[in-house]
Amino acid sequence: MIDLNTWNLTIPVGEPATTIATPLLVGGYQDDYFKNIDGALFFWAPVDGTTTPNAKYPRSELRETHADGKLRNWKYQAADNYLRATLKVTQVPSSGKVIIGQIHNVEGDDPPIKLQYEYSTSTNTGSVAAIYRLKPGISTSKAIVLRNVALGASFSYSIALSKGGTLAVYAKTPSTDTLKWTAKLDPAWAAQTMYFKAGSYVQDNTGNNTEAGAVTFTKLSIEHTP
């Protein structure tokens, strides 16, 4: 069972997009954009949905909180920090791209890492890519962590950020060994405050409401180990 006491939810409705508080989420909240089906969490984000302030794209996405609903933010050097998930992507927009996990920063809109599922119509399969910044404010770089992940196929990932500043992504399918990507963050990130996010954050805003990103999580957890 996925613990919803550590999350709130943003859905692509309203101006700006609506946030569902942690207690309401734990109490059984469901709608067209988020469903809890026998412990599996389904996220649906159409490309014509509304957005959060300063964002170009819509999302149905969880954001890390405390159980009382207060936002949980952290400095990476205080603990070893982990976001772990098992999921499947069942629909992508025409761009083929959906963000499925993040470490975001409070101080800006230039997070250290977004984990992105990228589907190619030419190969009819997808990849899992780390979109990362080693230093605040610079352009992103990309590293493919896992390949040949079909739409609807289950896979797992972990995003880890150690108190020493090592950023790592682990990913696997049920039939493959775990693959690992790592990088060392610039110490400038130590001044910033961070939090985890996970869900369906489509990287597309063109089309109608039949075009969307759909993602189902069967496992999702956060850990901060001092």
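The values are calculated or read from the model by the stated rules, or taken from the named source; none is laboratory data. These figures come from a predicted structure and were not determined experimentally. As a convention, Cβ positions derive from the backbone with ideal geometry for all residues, glycine included, and neighbour counts pool all protein chains shown. Note: areas computed on protein heavy atoms with side chains; ligands, DNA, RNA excluded. Shrake-Rupley method; radii C 1.70, N 1.55, O 1.52, S 1.80 Å.
Per-residue HN-Hα couplings for region 24-35, Karplus 6.51 cos²θ - 1.76 cosθ + 1.60 at θ = phi - 60°, whole Hz, x for Gly and Pro?
5, 4, 5, x, x, 4, 8, 7, 5, 9, 8, 9
So what are the ³J(HN,Hα) numbers for region 69-85, from phi and the Karplus equation (6.51, -1.76, 1.60; θ = phi - 60°), rounded to whole Hz, Gly and Pro as x?
So the Karplus estimates, Gly and Pro as x, are x, 5, 4, 9, 10, 8, 8, 5, 6, 7, 6, 8, 10, 9, 10, 10, 8 Hz.
Assign one of three labels to region 135-209, namely rounded, prolate or oblate, based on the Cα gyration tensor with a ≥ b ≥ c the square roots of its eigenvalues; rounded applies when a/c is under 1.5, prolate when it is not and a/b is larger than b/c, and oblate otherwise.
Judged from the Cα gyration tensor, region 135-209 comes out oblate (a/c at least 1.5, b/c at or above a/b).
What percent does the relative contact order of region 71-223 come to when contacts are Cα pairs within less than 8 Å and at least six residues apart?
Once divided by the residue count of region 71-223, the mean separation gives 37 percent.
Cβ neighbours within 10 Å, averaged per peptide: list 119-126, 141-148 in order, most packed at the top.
Details: 119-126: 13.1, 141-148: 15.0.
The most tightly packed comes first, giving 141-148, 119-126.
Report the residues of region 56-99 in range of a label on V26: point 7 Å along Cα→C-beta, backbone N strictly under 12 Å from it.
65-70
Taking square-rooted eigenvalues a ≥ b ≥ c of the alpha carbon gyration tensor, is region 182-226 rounded, prolate or oblate, where a/c under 1.5 means rounded and, failing that, a/b exceeding b/c means prolate?
Verdict is oblate for region 182-226.
If D186, D32 are ordered by their accessible area, calculated over protein heavy atoms with a 1.4 Å probe, which sequence runs from highest to lowest?
D32, D186
Can you give me the C-alpha center-to-center distance between region 12-72 and region 147-175, rounded to a whole angstrom?
Distance between centres, Cα-based: 23 Å.
Tally Lys and Arg at +1 and Asp and Glu at -1 over the other residues with C-beta under 9 Å from the C-beta of D204: what net charge comes out?
Result for the neighbourhood of D204: 0.
Express the accessible area of region 27-98 per residue in Å², computed with a 1.4 Å probe while the remaining protein chains stay in the model.
Per-residue accessible area for region 27-98 comes out at 45 Å².
Evaluate the relative contact order of region 95-175 (contact order divided by residue number), counting alpha-carbon pairs under 8 angstrom at least 6 apart; express in whole percent.
Here the relative contact order equals 19 percent.
Using helices alone, I'd like the mean residue ellipticity at 222 nm for the chain: each DSSP H run of four-plus residues gives -39500 (n - 2.57), total over residue count, nearest 500.
So the calculated ellipticity at 222 nm is -500 deg cm²/dmol.
Which shape class, rounded, prolate or oblate, goes with region 7-225 when its Cα gyration tensor gives a ≥ b ≥ c as root eigenvalues, a/c under 1.5 marks rounded, and past that a/b bigger than b/c marks prolate?
Taking the square roots of the gyration eigenvalues as a ≥ b ≥ c, region 7-225 is rounded.
For region 48-53, in order, what is each residue's ³J(HN,Hα) by Karplus, 6.51 cos²θ - 1.76 cosθ + 1.60 with θ = phi - 60°, in whole Hz (x at glycine and Pro)?
Going residue by residue, I get 9, x, 7, 10, 6, x Hz, with x marking Gly and Pro.
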